[in-house]
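Q: Input: one structure, supplied below.
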Amino acid sequence: MTNRKHLREQPRAAAAQIVRPYGDTTGDGMIQVSFTLPLPCDKLAEGAALQLARKMGMDPALVVHAKAIGPDFTFFVVYGSSNHLVDLDAVHVQEREFALLSPKEVNLQIKRGLRRRLVVVGACIGTDAHTVGIDAILNIKGFAGEKGLEYYAEMGVVNLGAQVLVPDLVAKARAAKADAVLVSQVVTQKDVHIHNVSQMTAAFREAYPAGKVPLLVVGGPRFEEGSEQRLGVDRIFGRGTTPSEVASYLVHALVPDSHTTTRRKAS
Amino acid sequence: MPSSPLIHLDAGQVRAARRLARQAGEPVVRLATTQTTVSVERATLRLAGLRGADHEGQPWVNHLVDAVRAQVGLQDGVTTPVFDALRRRAAPDLITLAQASASDSVTFTMPEGKAAQAAQRAARAAVAVGIRTIDRQRATRERLIRRHGDPAQTPWIYLIVATGDIDEDIPQAQAAARAGADVIAVIRSTGQSLLDYVPEGATHEGFAGTYATQENFRLMRAALDETSREVGRYIRLTNYASGLCMPEIAALAGLERLDMMLNDSMYGILFRDINPIRTFVDQRFSRQIHARAGIIINTGEDNYLTTADAVEAAHTVTVSQLLNEYFAKEAGLADWQLGLGHAFEINPAIPDSFRLELAHALLARTLFPDAPLKWMPPTKHMTGDVFRGYLLDGFFNLAGTLTGQGILLVGMMTEAVVTPFLSDRDLALQNVRYVLDAAGGLREDFHPPRNGVIQTRARAVLAEAVELLERITTDQGRAGAERGRADAAYPPLLAAIADGTFGLMKRPPDRGKGLDGVVLKADGYDNPATTLLETGATR
């Protein structure tokens, strides 16, 4: 992220629109990769590694390290010059629309802006029993070294766990006066995740008066980026999302006058 | 193991720490002995030989315990009414009885007098068969260790496999052993800790891990026995006795000769929101089985440091180790069976972070000189910069050997990035081997000065731990009583857990998962497994 920003801050001279990897000299294109091939460690395997490197655009490529891992595998480290050019004009990135906050800042902004706890209800809906996603975000144990939302003093978290029926989720969200509903879907056979989420959003729109529907957030490894509108949800989070990203988004979307300026958009 | 301690702790303070841990633990044990749980009763039936499940995967032990509970209750134990029914010829054997009970065609009654004594004798004879199997498995392990030998070095090298499919796990585990692993841990499928039954058979569809089942245990142990012969050292197998089925998993581990089990006194309460009383009752039974089976337990103190700061919360690790030690010894485990946990989780950006890690590791080493401590690698500060991660793992390995840790869980540079590649595991083992070969003997030359940073820090953490234990045992009980709160009736440790003393989570004793499976024992309660485990009898 920081690197990208750094690049943009450089003077945009015409020549700077094309970049190559930097080893020790501008324009040398030098990169380093490591991989394992399912081959015994011998000359043939080294040749195979070189062929792969060339196909990846490394030319010249140099196998600097080859080591057997057991009788059937070989690990390689390859250095070489990449013959690909990066055209910055063709780089499109989706910027995060909210600032990343620390737990302290999240708590502070909720305290100041909302003057009550922000209530989050989470569940895995349908037949999905994989609570790993919702637990990573909500449980105090958290994910990737970050604590889950349960840890945030200014958040009230109700984790309904796995295989929650949509009507129950709506009822529990109403009872808890949820500000946001988090739903995770891991199982994606026959697009069941899409079906479940559409069913859920419909149920919420039916049960709540217009404009009062809690913020609907879904997460899972197989949701398409940018398909919020189609699913009728406010935000989709993908693989690798950490609790603080979700917390920061909730503050951004729900807390009036949060320092991230933009208010919740109607969807 | 250590000849003379590398750091000096105040003997009075060490005694105080142990006394306070006992004071905190004793009332909890007293409470735990007045209760039983559905899982303890199911474990007892498993020891009596009841296996298998219906076509939907619901185990017969669940059917039988549920039926007895619905008809006569569990307050007297499940075995007396069950073996009474067998004596009355309601069914020829346990499995037929369980099948009949599932279709509601058995009437259970609570026998009295001679009939009760006869049922209890029959139950004891049946459960004793399972206990003797555990005894035999322990003897087999000891024989295999004599034949193949223990690892040449300490710490023992502990590696995780987790594919979700037992058929994939087996070749991976065997490859890991050939590459140098001494202990193989099979991680369980996500969510198994919250299942109130043990899945059945060989499984192939776990999520981020493989289900713990009796058949999976048997298959993996058999495969590692083969590999032990091949590599000339006994490869140990580890799984998880935690969650709602802790006692049953412990029983299955004993029956199938697993060698180590993760089994923490408070992990399920704090991190899985399992009811505290359920946890302490289940845990005592499971530890009694581990003691009998010669299984080394691994406790989960590393988890505290993944949620709290590793410097600020260092003393909570020590407190938890002391409590785990008390509960373990009370349940009959010996020092050599206590793989007390701790972790290398201090933020590497703070000055002297490595010295502080050494101080904390040496404190554990000195406080528990005869326990094979379980040393856990960095996870929290693994950033995705795999190169820096590899360096950090090297320092973790160095701290492990320098401070005489017993079991070293191999850190992966791709921690928190991807499921480790084959090459990540190989690089990680090279890292461990290099450090152990290069610096394995460095401990001899390592004498941190008495008033240096390391020793001073170790003593300060111990002092904080004693302070926290004092607060738990005295203030907590008094404060609860003064406020006239419901949990004033509970032991102070439970009140402290309810108040969020550990891991920042508030877990009151009247809430949490599995509470409805806790049953107060009646005067006539009988559990032959407990009797056999507590007396050491074999019949």
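The values are calculated or read from the model by the stated rules, or taken from the named source; none is laboratory data. All values reported here derive from a predicted model rather than from experimental measurement. Glycine gets a Cβ as well: all are built from the backbone with ideal geometry, and neighbour counts include every protein chain shown. Surface areas here come from the heavy atoms of the whole protein model, side chains and all, with no ligands, DNA or RNA. Shrake-Rupley method; radii C 1.70, N 1.55, O 1.52, S 1.80 Å.
Q: What's log10 of I(q)/I(0) for the protein assembly as shown at q = 0.05, 0.09 Å⁻¹, Debye sum over Cα points only, no solvent?
A: Log10 I(q)/I(0), no solvent term: -0.30, -0.98.
Q: Have a look at A:Ile110, B:Leu468, B:Ala177 and report the one farthest towards the positive end of the charge dipole of the protein assembly as shown, computed about the Cα centre with Cβ charges (Lys/Arg +1, Asp/Glu -1).
A: Of the options given, the answer is B:Leu468.
Q: Separate question: What is the distance, in nm, between label points placed 7 Å from the Cα along the Cα-to-Cβ direction at A:Val64 and at A:Leu39?
A: That separation, rounded to one decimal, is 2.1 nm.
Q: Helices from chain A with mean Kyte-Doolittle at least -0.5 and a Cα length along the axis of 20 Å or more, per DSSP H: which?
A: Numbers: long enough: A:192-207 (22 Å, 0.01).
What comes out of the filter, once short or polar helices are dropped, is A:192-207.
Q: If you don't mind, there's one more thing I want to ask. Report the label-to-label distance for B:Ile145 and A:Glu225 in nanometres (one decimal), using points 7 Å from each Cα along the Cα→Cβ vector.
A: Result for the modelled spin labels: 5.3 nm.
Q: Any idea what the dipole of segment B:315-435 comes to, in debye rounded to 20, about its Cα centre with Lys/Arg Cβ at +1 and Asp/Glu Cβ at -1?
A: In total the dipole reaches around 80 debye.
Q: GluC sites (Glu not before Pro), restricted to segment B:166-245: which are DSSP loop and have at most 13 other Cβ atoms within 10 Å? Write down the numbers at each step before the final one.
A: Working: sites: B:Glu168, B:Glu200, B:Glu205, B:Glu215, B:Glu226, B:Glu230; in loops: B:Glu200, B:Glu205.
Passing both the DSSP loop test and the Cβ count: B:Glu205.
Q: Show A:Arg20, B:Arg141, B:Arg511 ordered by accessible area, largest first, where the area counts protein heavy atoms only and the probe is 1.4 Å. Can you show the working numbers first?
A: Numbers: A:Arg20 85, B:Arg141 15, B:Arg511 150 Å².
Ranked from most to least accessible, the order is B:Arg511, A:Arg20, B:Arg141.
Q: Just want the answer: with Cβ charges of +1 for Lys and Arg and -1 for Asp and Glu, which residue in B:Gln13, B:Met260, B:Thr403 is farthest toward the dipole's positive end in the protein assembly as shown?
A: B:Gln13
Q: So how do B:335-341, B:490-496 stack up, highest first, on mean other-Cβ count within 10 Å? Write down the numbers at each step before the final one.
A: Values: B:335-341: 22.0, B:490-496: 25.4.
Ranking, from highest mean packing down: B:490-496, B:335-341.
Q: Compute the signed sum of charges (Lys and Arg +1, Asp and Glu -1) over the other residues within less than 15 Å, Cβ to Cβ, of A:Ala207. Mind dumping the intermediate values first?
A: Values: positive: A:Lys172, A:Arg174, A:Lys177, A:Arg205, A:Lys212; negative: A:Asp168, A:Glu206.
For residues surrounding A:Ala207, the net value is +3.
Q: Treating cross-link reach as a plain straight distance, find the lysines whose alpha-carbon is under 28 Å from the alpha-carbon of A:Lys67, omitting any fewer than eight places away in the same chain.
A: A:Lys43, A:Lys55
Q: If you build the convex hull over the alpha carbons only and average its shadow over all orientations, what do you get for segment B:284-377? Give it in nm² to one decimal.
A: Values: hull surface 22.8 nm².
Orientation-averaged projected area of the Cα hull: 5.7 nm².
Q: To continue, here is another question. Within segment B:280-357, list the GluC sites (Glu not before Pro) lying in a DSSP loop whose Cβ has at most 15 other Cβ atoms in a 10 Å radius. Could the numbers behind the result be given before it?
A: On the way: sites: B:Glu301, B:Glu312, B:Glu325, B:Glu330, B:Glu345, B:Glu357; in loops: B:Glu301, B:Glu312, B:Glu345.
The qualifying sites are B:Glu312.
Q: Here is a follow-up. Under the Kirkwood approximation applied to all pairs of distinct alpha-carbon atoms, what is the hydrodynamic radius of segment B:401-448 in Å? Walk me through the intermediate numbers first.
A: Numbers: mean 1/r = 0.0824 Å⁻¹.
In segment B:401-448 this quantity evaluates to 12.1 Å.
Q: In segment A:60-159, which trypsin sites (Lys or Arg not before Pro) are in a loop and have at most 14 other Cβ atoms within 10 Å, using DSSP for the loop call? Let's see the in-between values first.
A: Details: sites: A:Lys67, A:Arg96, A:Lys104, A:Lys111, A:Arg112, A:Arg115, A:Arg116, A:Arg117, A:Lys141, A:Lys147; in loops: A:Arg96, A:Arg115, A:Arg116, A:Arg117, A:Lys141, A:Lys147.
The qualifying sites are A:Arg96, A:Arg115, A:Arg116.
Q: What does the net charge come to around B:Asp385 if you take all other residues with beta carbon closer than 13 Å to its beta carbon, with K and R at +1 and D and E at -1?
A: On the way: positive: B:Arg388; negative: B:Asp393, B:Glu415.
For residues surrounding B:Asp385, the net value is -1.
Q: Per residue of B:420-427, what is the mean number of Cβ atoms on other protein chains within 10 angstrom of that residue's Cβ? Before the final figure, lay out the partial values.
A: On the way: counts 0, 5, 7, 10, 3, 1, 7, 4.
Partner-chain Cβ atoms within 10 Å, mean over residues of B:420-427: 5.
Q: While we're on this one: Could you give the Stokes-Einstein D for chain B in µm² per second, using the C-alpha Kirkwood radius, 20 °C, 1.002 mPa s? Kindly include the intermediate steps, with their values, before the conclusion.
A: Details: Rh = 24.0 Å.
Reported coefficient: 89 µm²/s.
Q: Okay, next question. Please grab the % of Cα pairs in chain A that end up more than 32 Å from each other.
A: Numbers: 15721 of 35511 pairs.
Of all Cα-Cα distances in chain A, 44 percent exceed 32 Å.
Q: For A:Lys104, go through the aspartates and glutamates and keep the ones whose alpha-carbon is under 15 Å away, minus same-chain ones fewer than eight residues off.
A: By straight Cα distance, A:Lys104 reaches A:Glu146, A:Glu150, A:Glu154, A:Glu245, B:Asp309.
Q: Of B:Gln137, B:Gly164, B:Val61, which is farthest towards the positive pole of chain B's charge dipole, taken about the Cα centre with +1 and -1 on the beta-carbons of Lys, Arg and Asp, Glu respectively?
A: The listed residue farthest towards the positive side: B:Gln137.
Q: So if the hydrodynamic radius of segment A:185-241 is defined as the Kirkwood radius over C-alpha pairs, what does Stokes-Einstein give as its diffusion coefficient at 4 °C and 1.567 mPa s, in µm² per second?
A: Details: Rh = 11.8 Å.
Estimated diffusion coefficient is 110 µm²/s.
Q: Applying the Karplus parametrisation 6.51 cos²θ - 1.76 cosθ + 1.60 with θ = phi - 60° to the phi angles of segment B:491-501, what ³J(HN,Hα) value in whole Hz is obtained for each residue in order, glycine and proline being reported as x?
A: Here the 3J(HN,Hα) series is x, x, 4, 5, 5, 5, 5, 5, 8, x, 5 Hz.
Q: I've got another one for you. Which value results when the Cα radius of gyration for segment A:103-254 is divided by 2.2 N^0.38 Å? Walk me through the numbers before you get to the answer.
A: Values: Rg = 14.2 Å, N = 152, 2.2 N^0.38 = 14.8 Å.
Against the compact-globule rule of thumb, the ratio is 0.96.
Q: Note down the net charge around B:Thr306, summing +1 for each Lys or Arg and -1 for each Asp or Glu among other residues with Cβ under 11 Å from its Cβ.
A: Details: positive: A:Lys141, A:Lys147, B:Lys380; negative: A:Glu146, B:Glu301, B:Asp302, B:Asp309, B:Glu345.
Neighbourhood net charge equals -2.
Q: Right, here's the next one. Starting from 0 in steps of 10 Å, tell me what percent of the Cα-Cα pairs of segment B:88-152 lands in each bin.
A: In whole percents, the pair-distance histogram is 17, 30, 23, 14, 12, 4.
Q: First measure r as the distance between the Cβ atoms of B:Asp445 and A:His84, then evaluate 1/(1 + (r/R0)^6) with R0 = 60 Å and state the FRET efficiency to the nearest 0.05.
A: Values: r = 52 Å, r/R0 = 0.86.
So the FRET efficiency works out to roughly 0.70.
Q: With +1 on each Lys and Arg Cβ and -1 on each Asp and Glu Cβ, and nothing else charged, work out how big the dipole of the protein assembly as shown is about its Cα centre, in Debye to the nearest 20.
A: Using Cβ point charges on Lys, Arg, Asp and Glu, the protein assembly as shown gives about 1300 debye.
Q: Provide the solvent-accessible area of A:Leu254, counting protein heavy atoms only and rolling a 1.4 Å probe, rounded to the nearest 10 Å².
A: For A:Leu254, the solvent-accessible surface is approximately 40 Å².
Q: Right, here's the next one. Work out the length of the dipole vector of segment A:103-254 about its Cα centre, built from +1 on the beta-carbon of each Lys and Arg and -1 on the beta-carbon of each Asp and Glu, and round it to the nearest 20 debye.
A: Working: 18 positive and 15 negative charges, 108 e Å.
Charge dipole of segment A:103-254: 520 debye, to the nearest 20.
Q: Quick one: if you stick a label point 7 Å off each Cα along the C-beta vector at A:Glu206 and B:His8, how many nm between them?
A: For the pair A:Glu206/B:His8, the computed spacing is 7.6 nm.
Q: Could I ask something else about it? Once you treat every alpha carbon in segment A:62-184 as an equal point and sum by Debye, what is log10 I(q)/I(0) at q = 0.18, 0.22 Å⁻¹?
A: Calculated log10 I(q)/I(0) at the listed q: -0.96, -1.26.
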